[in-house]
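These notes are about the structure you will find just below.
Only the coordinates and a few stated rules stand behind these numbers; no lab work does. In this text the structure is predicted, and so the values were computed from the model without any measurement. Because the Cβ atoms are built from the backbone with ideal geometry, glycine has one as well, and the counts that use them run over all protein chains shown.
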């Protein structure tokens, strides 16, 4: 049963405040702005708080969160916001510069230490610290970006009184400190909270409402409907009507009372009515708006429990009270009876929207006009701390303040603190009857460490003997003082001071770029550890005013900008002197960086040299310049020493158990020629260079940003293959990188080149075929659109050399992108037959077609005088490695294996049916001459794949095995493609045992795979013969005639 009024008042005094009724979320993030076109302007956050909220603004926090690591980066209490009262609410807004964009990022709203909201934009994430720690944000579904106009914001729209009533909208004109565009704020309607009906003496009658402070009651009516027949009153008759006036007081409770209730409870009602007004029979109480009826109106003329007349606009709340006498009730909520009687009264717990319960008959225990004295469910909580969670730069002698939601007692063990892993003792405990603990450290904290503080719940109690629900923990970082660069960098992947403002002094400027500069510790102060860098980048955003050799002091915030440690956010730079000797550079050579991932040159390879001076006496460029829009000659991959990096057998480490592992060539890094302002330089794979500079980091890669760059040796490009000797014949293969024409073929989704681009590409490929490939007798093509394109190419070749006449062979395949394989056949070659093989084969794994680009068989006869040589040529273009370690890995591996086995069967059929006719499989295998650890595609076709070296393997079909002609080349020449700085052969020719006696040589042309990426579309004038595709072409040569001794392959004497 409900506690007595005296007990309720005593509990309120102990709690120091009366409990206000609970409503739907009555404070929320209402509007904010974080990104716009150009430099961000006018970033802000706006919060709406209903007047019913009793929490002080200083105990309500807005906490900003970085979604990249889940950490908080700024806390702002509402007492620092501008407050604008609006009827029933207060709108708080504050300009906050530096609200992060680049998403996902978030904003948390915290009341009294408890998380109220955790919203995010551009995605969701889980917080890792602060009041939202462990919580996953709710993405609001709209965002701002570089196209958002200055003066716009993200804001809630709609009508209502709580967050759930509104919807976030796309950027619109900002309204900080005011109701948003298309938004209407309305105060929630009060609710029935307590009704006093009868007791053992004169009835102390009253009706109490609970609602938000200031809620207007005009327009609301209380009516009572009879539930039984009593004299002339029938069910559904309006027995009582009160026209309400005034508004809900500040404490949230309004009551209409009888004189007996005023006397019994010592109150004066907000409105009154005569004694003995309320019926002691079963009745229904309705709180309605827009009432137009009157007392004695019969709203249920046939007494069936269904109202025939509803003279009101809306019902705000309703409840029925029953004596159990089979009454007719008009509310879904019925309370009673109390034994065999109508209850003395009813009340809600918790106030406002809780469950109805019964009042006592004696002693009377109603509480009109105040809270219902429900059991205290509000446990004490920590509402604020100083230092705050995540605060940096805290003085080493700083005290600690901890605010609570109510008065508490704290034992001597109520707060623990450890700094830098060591316990720290505090003075100020025990304490009692306080809402704030004031603690003082017995000794200074260590400098530059993280301190972790915990309020121990079991050691805290409030006036009701309740403890917090759980321990409350937070952390802060102490002021590090003046730091050396190696301390800032630390020995890990990220700076231990990320997010803090730090100072370093007396360091030397080693390089200056367009938006920042590098500094390094003088040799005399450098730490002895190879695992910590002595250099760091200082981002200024504009051209720095320092020079190389200046000695500077820098104060600023440390950030990990996409994992690159730097000073940023307008660091303060002071030059103390100039002309200093530069610190010694780290030499990159055969040992540094290490080529063995199990024996790195430092704990985290490259990270330990980040920001430091680097000397590269000799390096070999592994790939031509990358290209990015307005930066066509960007960084290149490079390896220290005179040898380039090659792909090797196996799965990229860590690999899979029991299978070959490739270490990934961890010694490969990048050079970005123009990063510090040197001219953008075209660098080709195979170029030897010498450089000095600093080690930067960009887009996930460590880069040498050179202050000097010298080319020691350049490759001769383009590089042509040897011309065939008399009596020899050449067969070539080239991937022409999606060579499409300028015709829009109907019904086909395909790229359509402009005529100028198409003609330029034809001219470049024709030149390559004639001058670099030396016009092979047969050329196998991959990635060509259709036969008409090959015809156009043949015509272009003829314009270069009228003696060269080629005809085309192509049969359309299955590729959804519209690329095919085909041939150009020189006029001196006889075509005996052309056939597409395997075009209808099915991949059992999923029922799809096995061959996107089915192999094309060309039966050709080559002649030299009276000598002839028949050859069965099979051009292939297999499924790539793309996605082989992703979600479709099993399907891709299966398809690559089944394609290889299908081709092997084609070869075996040819070897069986025509054992003396040479077989050549040529083209883009999208595979290496060795196993990639998943599937040895080339080995499966050749008949040499080894079970133990492959995750996916089937017994080889080809017998006798074919020869992989790539293996006849010197190691340095075994590449036709470069991927992520690794030279590798994807284009191969396999020859049967019957072809080996005729085989003379194999060679790749040079100048495509090694060229800058931008050369594919926009080669410099005079260099159109380079980089037209990303593959180098392959040419193999055969001798048409054998010496008489070998003509029958030793079958005769």
Quick check on the range 728-1039: take the gyration tensor over C-alpha atoms, sort the square-rooted eigenvalues as a ≥ b ≥ c, and tell me if it's rounded (a/c under 1.5), prolate or oblate.
rounded
Which order do the peptides 531-539, 348-356 take when ranked by the mean count of other beta-carbon atoms within 10 Å per residue, highest first?
531-539, 348-356
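Determine the gain in length on full extension of the stretch residue 542-residue 149; use 0.36 nm per residue of separation and subtract their C-alpha separation, reporting nm with one decimal. Write down the numbers at each step before the final one.
On the way: separation 393, 0.36 × 393 = 141.48 nm, distance 2.39 nm.
Full-extension gain reported as 139.1 nm.
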Difference of contour (0.36 nm per residue) and Cα-Cα distance, residue 618 to residue 167
156.2 nm
Taking the beta-carbon count within 10 Å as an exposure proxy, list 394, 636 from fewest neighbours to most.
394, 636
How much length, in nm to one decimal, is gained on full extension between residue 914 and residue 742, taken as 0.36 nm per residue of separation minus their Cα-Cα distance?
57.7 nm
Any idea what the relative contact order of the chain is, in percent, if you count C-alpha pairs under 8 Å spaced at least 6 apart?
6 percent
Modelling each spin label as a point 7 Å along the Cα-to-Cβ direction, I'd like the residue 469/residue 643 distance in nm, to one decimal.
6.4 nm
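R0 = 60 Å: FRET efficiency of residue 280 with residue 423, Cβ-based, nearest 0.05?
Working: r = 68 Å, r/R0 = 1.13.
Approximately 0.35, to the nearest 0.05.
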Computed, not fitted: 222 nm per-residue ellipticity of the chain from DSSP H runs ≥ 4 (each -39500 (n - 2.57)), nearest 500, equal to -2500 deg cm²/dmol
How far apart, in nanometres, would the label points at residue 1023 and residue 801 be if each is projected 7 angstrom from Cα along the Cα-to-Cβ direction?
2.6 nm
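Can you tell me the alpha carbon radius of gyration of the chain divided by the globular rule-of-thumb value 2.2 N^0.38 Å? Let's see the in-between values first.
Working: Rg = 41.7 Å, N = 1053, 2.2 N^0.38 = 31.0 Å.
The value comes to 1.35.
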Under a crude label model (7 Å from the Cα following the beta-carbon direction), how far is residue 589 from residue 294 in nanometres?
11.1 nm
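Taking a ≥ b ≥ c as the square roots of the eigenvalues of the Cα gyration tensor of the range 909-1038, is the shape rounded (a/c under 1.5), prolate (a/b larger than b/c) or oblate? Don't jump to the answer; show the numbers that get you there.
On the way: a/c = 2.78, a/b = 1.61, b/c = 1.72.
Oblate.
Quick one: 94, 895, fewest Cβ neighbours within 10 Å first, how do they rank? Numbers along the way, then the final one.
Details: 94 18, 895 22.
So the ranking, lowest neighbour count to highest, is 94, 895.
From the square roots a ≥ b ≥ c of the eigenvalues of the alpha-carbon gyration tensor of the range 485-577, which class results: rounded (a/c under 1.5), prolate (a/b over b/c), or oblate?
Details: a/c = 1.70, a/b = 1.14, b/c = 1.49.
Oblate, because a/c is 1.5 or more while a/b does not exceed b/c.
In units of 2.2 N^0.38 Å, what is the alpha-carbon radius of gyration of the range 191-358?
Values: Rg = 15.0 Å, N = 168, 2.2 N^0.38 = 15.4 Å.
The value comes to 0.97.
Would you mind ranking 851, 76, 768 by Cβ crowding within 10 Å, fewest neighbours first? Please list the in-between numbers first.
Details: 851 26, 76 17, 768 23.
The most exposed by this proxy come first: 76, 768, 851.
State, as an integer percentage, the relative contact order of the range 191-358 based on alpha-carbon contacts under 8 Å between residues 6 or more apart.
Details: 433 pairs, mean separation 42.6, N = 168.
Once divided by the residue count of the range 191-358, the mean separation gives 25 percent.
Just to verify a number: FRET efficiency for residue 887 and residue 948, C-beta to C-beta distance, R0 = 25 Å, to 0.05? Numbers along the way, then the final one.
Numbers: r = 27 Å, r/R0 = 1.09.
So the FRET efficiency works out to roughly 0.40.
Quick one: if the Förster radius is 60 Å, what FRET efficiency do residue 760 and residue 332 give, using the C-beta to C-beta distance and rounding to 0.05? Walk me through the intermediate numbers first.
Working: r = 80 Å, r/R0 = 1.33.
The formula returns an efficiency of 0.15 here.
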How are the alpha carbon pair distances in the range 159-211 distributed across 10 Å bins from zero to the largest one, expressed in percent?
18, 30, 17, 15, 12, 7, 1
Mean separation of Cα contacts under 8 Å, 6 or more apart, over the residue count of the range 531-660: relative contact order %
21 percent
